[in-house]
Amino acid sequence: MLLHVPQKSDPRARQLRADRDELRRTVNPSLEIGTYEAGPGYALSGLNNQPKMTDEEVAAQERTMKSLAGGTATLDSFLNKAVHGFTLQNFFTFFHGRTHWVSHTAWYRGARPHPCWLALELFNREGTGDFLRVDTLQVPTADLEAYKRRKAVKDAPLAACYATRRGDRVNVFLLSRKLDNYPVPGNDGYTPVTIELPFNRTKKLTLYKIAGDPRATNIEAEHVRIETVALPIEVFTNPFVINDRTGADPRGLPPAATLLYVFEGISP
């Protein structure tokens with residue numbers, strides 16, 4: 001799931017953007033693209049040639065899709081499509097209960113938001129704006145084997161960075177596509193990160209993070225939440241290093257984590 005964007009979603013989004021541009025030239029200059037049902041995908045017995053699933057398989061899938069890692073993967077997909085010009089993305093089902101596509105647990109079980117919904121809150125509430133170009137100078141990668149309808153991919157990036165700007169506010173999303181021991185055996189899943197920013201001063205610095213056990217869920221209790229950290233201006237440097245001083249971990253970006261750094265009052 002964490003590798004869905006580099007292996008499936010990104011190539012598809014690039015093709016759809018190219019199709020849109022061609023249709024704008026030849027048919028309708030106002031054409032837009034969007035996703036009417038977005039969010040974590042589930043395998044269902046009998047759908048798309050899926051064999052009948054056991055109760056144990058359904059339960060395991062439920063824990064996976066509604067895990068912290070699932071939240072990061074969902075946000076990754078939404079941000080990737082937004083970068084490629086998708087102007088509308090509807091989360092599959094804003095509802096409570098059920099086994100599959102929902103945003104919250106049942107109301108009588110606390111109506112807790114699942115991590116996929118929490119991650120999208122960061123985008124909608126804190127991270128919107130005009131997308132900035134991000135140039136990746138170096139990133140850990142892995143070769144991905146073909147899987148079902150996914151094609152094999154060489155050197156798939158195992159971390160993602162997205163940036164948006166609204167006036168003198170810049171939002172930088174950092175997403176990990178790694179788990180401990182996967183897809184790199186023996187790796188602890190942490191990624192050292194350094195960002196070269198297009199500004200040298202900021203008046204306010206806030207970190208919003210969803211981190212911890214990548215396999216944790218909110219199905220039975222609130223194990224996953226958005227943590228807000230007001231960072232002292234003294235920790236700001238350019239280049240900006242992700243470590244314990246900047247609210248993350250000494251080893252860098254934690255496995256399957258979502259970090260959103262918000263810089264306010266920047267001086268380009």
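Derivation of every value follows stated rules applied to the coordinates shown; laboratory data play no part. Worth saying up front: this structure is predicted, and the values here are computed from it rather than measured. Positions of Cβ are generated from backbone atoms using ideal geometry, with glycine treated the same way; all protein chains shown enter the neighbour counts.
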TODO: Multiply the residue separation of Leu88 and Val58 by 0.36 nm, subtract the distance between their alpha-carbon atoms, and state the gained length in nm to one decimal.
DONE: 7.8 nm
Task: Angstrom value of the Kirkwood radius, inverse mean 1/r, which spans all Cα pairs in the range 106-158 - done: 15.1
- [ ] Please order Ser103, Ser176, Ser267 by the number of other Cβ within 10 Å, starting at the fewest.
- [x] Ser267, Ser103, Ser176
TODO: With 24 Å as the limit, write out which pairs from Lys148/Lys209; Lys81/Lys151; Lys81/Lys209; Lys52/Lys148; Lys66/Lys178 have Cα-Cα distances beyond it, or answer none.
DONE: Lys148/Lys209
TODO: Arrange the following residues from fewest to most other Cβ atoms within 10 Å of their Cβ: Tyr261, Tyr162, Tyr108, Tyr182.
DONE: Tyr108, Tyr182, Tyr162, Tyr261
Task: Phi-based couplings in Hz for the range 194-201 (Karplus 6.51, -1.76, 1.60; Gly and Pro marked x) - done: 10, 10, 8, 9, x, 8, 10, 9
Open item on the list: How big is the dipole moment of the range 130-264 about its Cα centre under a simple scheme where the beta carbon of each Lys and Arg is +1, that of each Asp and Glu is -1, and everything else is neutral? Debye, nearest 20, please.
Closed with: 480
Task: Taking the chain and dividing mean pair separation by its residue count, relative contact order in percent (alpha carbons under 8 Å, at least six apart) - done: 20
Task: Percent antiparallel among DSSP beta bridges (both partners in the chain, rounded to 5) - done: 90
TODO: Give me the orientation-averaged projected area of the Cα convex hull of the range 130-264, in nm², one decimal.
DONE: 9.9
Open item on the list: Just want to confirm a number: the relative contact order over the range 4-126, from Cα pairs under 8 angstrom separated by 6+ residues, in percent.
Closed with: 29
TODO: Tabulate in residue order the Karplus-calculated ³J(HN,Hα) for the range 99-114, using 6.51 cos²θ - 1.76 cosθ + 1.60 with θ = phi - 60°, rounded to whole Hz; enter x for Gly and Pro.
DONE: 9, 10, 7, 9, 8, 9, 5, 4, 4, 7, 10, x, 6, 6, x, 6
TODO: Provide the percentage of antiparallel DSSP beta bridges, counting only those with both residues in the range 37-182; round to the nearest 5.
DONE: 90
Open item on the list: Output needed: percent of Cα pairs per 10 Å distance bin for the range 4-126, bins running from 0 to the one holding the longest distance.
Closed with: 12, 37, 32, 15, 4, 0
TODO: Only Lys, Arg, Asp and Glu count, each charged at its Cβ (+1, +1, -1, -1), so figure out the dipole size of the range 4-126 about its Cα centre, rounded to 20 debye.
DONE: 120
- [ ] Using a 10 angstrom cutoff on alpha carbons, build the Gaussian network for the chain and name the most mobile of Lys204, Lys151, Lys66.
- [x] Lys151
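Semi-axes, largest first, in whole Å: what does sqrt of 5 times each Cα gyration tensor eigenvalue give for the chain?
Equivalent-ellipsoid dimensions as semi-axes: 29, 24, 20 Å.
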Open item on the list: So the label point goes 7 Å from the Cα of Leu132 along Cα→C-beta, right? Which residues of the range 65-103 then have their backbone N under 13 Å from it?
Closed with: none
- [ ] Would you mind ranking Lys203, Lys154 by Cβ crowding within 10 Å, fewest neighbours first?
- [x] Lys154, Lys203
Open item on the list: Given R₀ = 51 Å, what would the calculated FRET efficiency be for Gln50 paired with Ala230, taking r from the Cβ atoms and rounding to 0.05?
Closed with: 0.65
TODO: Please express the Cα-Cα pair-distance distribution P(r) of the range 125-187 as a list of whole percents, one per 10 Å bin, running from 0 to the bin with the greatest distance.
DONE: 18, 37, 28, 15, 1
